[in-house]
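A quick write-up on the structure given underneath.
The values are calculated or read from the model by the stated rules, or taken from the named source; none is laboratory data. Model, not experiment: these values are computed from the prediction. Here the Cβ positions follow ideal geometry from the backbone for every residue, glycine too, while neighbour counts run over all protein chains shown. With ligands, DNA and RNA removed, areas are computed over all heavy atoms of the protein, side chains included. Shrake-Rupley method; radii C 1.70, N 1.55, O 1.52, S 1.80 Å.
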Amino acid sequence: MDISQIRREYSKTKLTKKSVREDPVEQFDIWLDEAIKSECKEPTAMVVSTVSKDNKPSSRTVLLKGIDNGEFIFYTNYQSRKGQQIEHNPNVAALFYWAELERQVCIEGTVRKTSPEESDAYFQTRPWKSRIGAIISPQSQPIESRNVIVKAFILEMTKHAKSVPRPDHWGGYRIRPNRIEFWQGRPNRLHDRVLFELMEDGSWQIHRLAP
Ligand SMILES: Cc1cc2nc3c(=O)[nH]c(=O)nc-3n(C[C@H](O)[C@H](O)[C@H](O)COP(=O)(O)O)c2cc1C
């Protein structure tokens, strides 16, 4: 199959500097809401990129679990590869692609851990078995076989009747954005791009970017 000939024309709608909110997080909220209502698959999935000690980037998908005080929240294992990279370098990027709406949002910013109380509160809303899984999985570590993890899972289930405490190695991160770009696909590859950059005084400057 000749993949070089796979292409799609984008023509759903447009995006202008005038039509966006002054606050990019409000604008994001509107787009996320539209992604959910349009039944985009995994509307809250975002690709988070981190950078290693030796400046090598890596990416993976996580789920956005909330937006609060202008920050984007996700949960993971603090000892995972991403967690270790964040320890050394809090600069991250997060990317949403809503194919059904021909939209992309690229976020850049710095990340910090959520408070233990906030992580506890979210952890307790997870299904019981997901909580058990979070306890026993040494996320990102090599393991001998799937069986190792299944055995650990079964054993851990016998230890918790109902209440499962959040392990210290698991919790949330909050991304505080300093750059957010909204991308709307347009015909002939002349896409609309609106960039918000955070200024020192806390205001957002808006630019249109060339496609
Ligand atoms: C749709 C989707 C959602 C995911 N959501 C999460 C998540 O919220 N948290 C998480 O730790 N991993 C999530 N993962 C798994 C990550 O992509 C990744 O495999 C894992 O976090 C380990 O990444 P790391 O080794 O780079 O740290 C998700 C994967 C997919 C495909």
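Data overview
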{"quantity": "Paramagnetic reach from ALA99 in the stretch 1-43 [backbone N under 14 Å; point 7 Å along Cα→Cβ]", "calculated": "6-9, 40-43"}
{"quantity": "With DNA, RNA and ligands ignored, accessible area of GLU117 (1.4 Å probe; Å², nearest 10)", "calculated": "130"}
{"quantity": "Relative contact order of the chain, defined on C-alpha pairs under 8 angstrom at six or more residues apart (%)", "calculated": "26"}
{"quantity": "Centre separation in Å (Cα based) which lies between the stretch 1-63 and the stretch 111-172", "calculated": "29"}
{"quantity": "Net charge of Cβ neighbours under 11 Å - reference VAL25; Lys, Arg +1; Asp, Glu -1", "calculated": "-4"}
{"quantity": "Inter-label distance, nm, simple model (7 Å from Cα along the C-beta direction), ARG112/GLU34", "calculated": "3.3"}
{"quantity": "The stretch 1-54 shape via C-alpha gyration tensor axes, a/c threshold 1.5", "calculated": "oblate"}
{"quantity": "Difference of contour (0.36 nm per residue) and Cα-Cα distance, SER59 to LYS14", "calculated": "13.3 nm"}
{"quantity": "Length added when fully stretched, ALA161-HIS88, from 0.36 nm per residue minus Cα-Cα", "calculated": "22.5 nm"}
